[in-house]
Amino acid sequence: MNAPGYRSVFAPGLFAGKVIVVTGGGSGIGRCTAHELAALGATTVLVGRSAGKLYAVANEISDDGGLADTAVCDIRNEDAVKQTVAAILATHGRIDALVNNAGGQYIAPLATISARGWDAVVATNLTGGFLMARECYTQALQAHGGAVVNIVADIWGSMPGMGHSGAARAGMVSFTETAAVEWAASGVRVNAVAPGYIASSGMDHYPPEAAHMLRAMRKTVPLGRFGTEAETSAAIVFLLSPAASFISGTVLRVDGARPQVRMGWPMGLPDAQAAEHGAVKAFNGFHRGTVPKVLSP
């Protein structure tokens, strides 16, 4: 029996006939976003390094009645990116939008990060995103317009303990602003979404000794909880939608006001009644979403 289906807040058929590329589509926020876009009528092309993960998500989308394709690619490899984008165009005839979601990092203080480790994180979180955006633009979007959404991170105050990722994500914010100006004449909008502490499968990739820290992070968020993959996906979908047609060069934060926490202002986390209020209650529209193992009771 098929799954119940994605419970999106957006209009059915919003992206009917559109082809949208989602990097890092095999897990986490990318997987969730691909499901929502497909539920809204798009053909989603999942890009990543793990064929097995991509096929699994594509099969989920197909089982739910959506359209999905896969493209195995290391986005850090310039030639591979060029060939992958060309192959997508050859198969589908068009690319209407890109969700630059692929990324990764590891916990380490700056003094211990090697040049190789630094380069690996920057290549994934900055260079790879640039290459994907450039090729989607030059091979497709430049001719007929479209939208790019780059996924960055909660870098306000920077990222002690993950300085390589913070530097790369800050670079992607600057790239977003520059591309928004340079590509506007072609009818291309470029924005970014900055997830804060999101309960996503990516949390399970950190070492076991980080589990206590990960579980405690919600206590530093004024709204008193983790965000959901679906809440992040909704921000991405909005920026891709016609409703955002005069929004470009901006970063939409999905973080529960965490960067605004300051010494001197008491952290009063919402009580149970406030947490259930419609304005701040967690939105879980992803019918296939699961709680990260590190957060499971």
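The values are calculated or read from the model by the stated rules, or taken from the named source; none is laboratory data. Note that the structure is predicted; figures quoted are calculated from it, not measured. As a convention, Cβ positions derive from the backbone with ideal geometry for all residues, glycine included, and neighbour counts pool all protein chains shown.
Those residues that are crowded, with 20+ Cβ neighbours inside 10 Å and either assigned to a helix (DSSP H, G or I) or of a type in the set (D, E, K, R) (or both), I need them from the range 128-153; list them, please.
Once the filter is applied, which keeps residues that are crowded, with 20+ Cβ neighbours inside 10 Å and either assigned to a helix (DSSP H, G or I) or of a type in the set (D, E, K, R) (or both), the range 128-153 yields G128, G129, L131, M132, A133, E135, C136, Y137, A140, L141.
Would you pick out the residues in the range 82-113 that are of a type in the set (G, A, S), touching a helix residue (DSSP H, G or I) at 6+ places or on another chain (Cβ under 9 Å), part of a loop (DSSP other than H, G, I, E, B) and surrounded by fewer than 14 Cβ atoms within 10 Å (Cβ to Cβ)?
Listed by number, the list holds a single entry, G104.
When only residues in the range 36-81 that are out of contact with any Leu (no Cβ under 8 Å at 6 or more places or on another chain) and basic (K, R) count, which is surrounded by the fewest Cβ atoms within 10 Å (Cβ to Cβ)?
For the range 36-81, the residue satisfying everything is R49.
When you check I29 against the structure, is it more than 20 Å from E135 (Cβ to Cβ), under 14 Å from the mean Cα position of the chain (by Cα) and not aromatic (F, W, Y), yes or no?
Criteria met by I29.
Give just the number: which of (1) within 25 Å of R7 (Cβ to Cβ); (2) surrounded by fewer than 17 Cβ atoms within 10 Å (Cβ to Cβ); (3) β-branched (V, I, T) does V261 not satisfy?
Among (1) within 25 Å of R7 (Cβ to Cβ); (2) surrounded by fewer than 17 Cβ atoms within 10 Å (Cβ to Cβ); (3) β-branched (V, I, T), V261 violates only (1).
In the range 129-165, which residues are over 12 Å from L98 (Cβ atoms), modelled with pLDDT of 95 or more and under 16 Å from the mean Cα position of the chain (by Cα)?
V152
Table: residues versus (1) touching a Phe, Trp or Tyr at 6+ places or on another chain (Cβ under 7 Å); (2) at pLDDT below 95; (3) surrounded by fewer than 16 Cβ atoms within 10 Å (Cβ to Cβ).
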{"position": "P222", "(1), (2), (3)": "no, yes, no"}
{"position": "A235", "(1), (2), (3)": "no, no, no"}
{"position": "L239", "(1), (2), (3)": "no, no, no"}
{"position": "S248", "(1), (2), (3)": "no, no, no"}
{"position": "A257", "(1), (2), (3)": "no, yes, yes"}
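What pairs come up if the first residue lies in the range 40-54 and is within 16 Å of R76 (Cα to Cα) and part of a loop (DSSP other than H, G, I, E, B), the second is of a type in the set (V, I, T) and at pLDDT 95 or above, and their beta carbons are under 7 Å apart, counting only those six or more places apart or on different chains?
Every condition considered, the pairs that remain are R49/V72.
Return the residues of the range 56-79 that are part of a helix (DSSP H, G or I) and within 23 Å of N150 (Cα to Cα); say none if nothing qualifies.
V57, A58, I61, E78, D79
Kindly indicate the residue of the range 264-291 that is surrounded by 11 or more Cβ atoms within 10 Å (Cβ to Cβ) and without any contact (Cβ under 8 Å) to a residue 24 or more places away in the chain and also nearest to S233 (Cα to Cα) among those meeting that condition.
Here the residue is K281.
Considering only residues of the range 207-255 that are among the aromatic types (F, W, Y) and outside any helix (DSSP H, G or I), which is nearest to the chain's Cα centre (by Cα)?
Here the answer is F226.
For the range 178-209, name all the residues that are touching a strand residue (DSSP E or B) at 6+ places or on another chain (Cβ under 7 Å) and of a type in the set (S, T, N, Q).
N191
Can you list residue pairs whose Cβ atoms sit under 7 Å apart, with the first residue in the range 56-75 being free of Cβ contacts under 8 Å to residues at least 24 places away in the same chain and the second being surrounded by 15 or more Cβ atoms within 10 Å (Cβ to Cβ)? Count only pairs 6 or more apart in sequence or on different chains.
A58/L46; A58/A68; A58/D69; A58/T70; S62/A68
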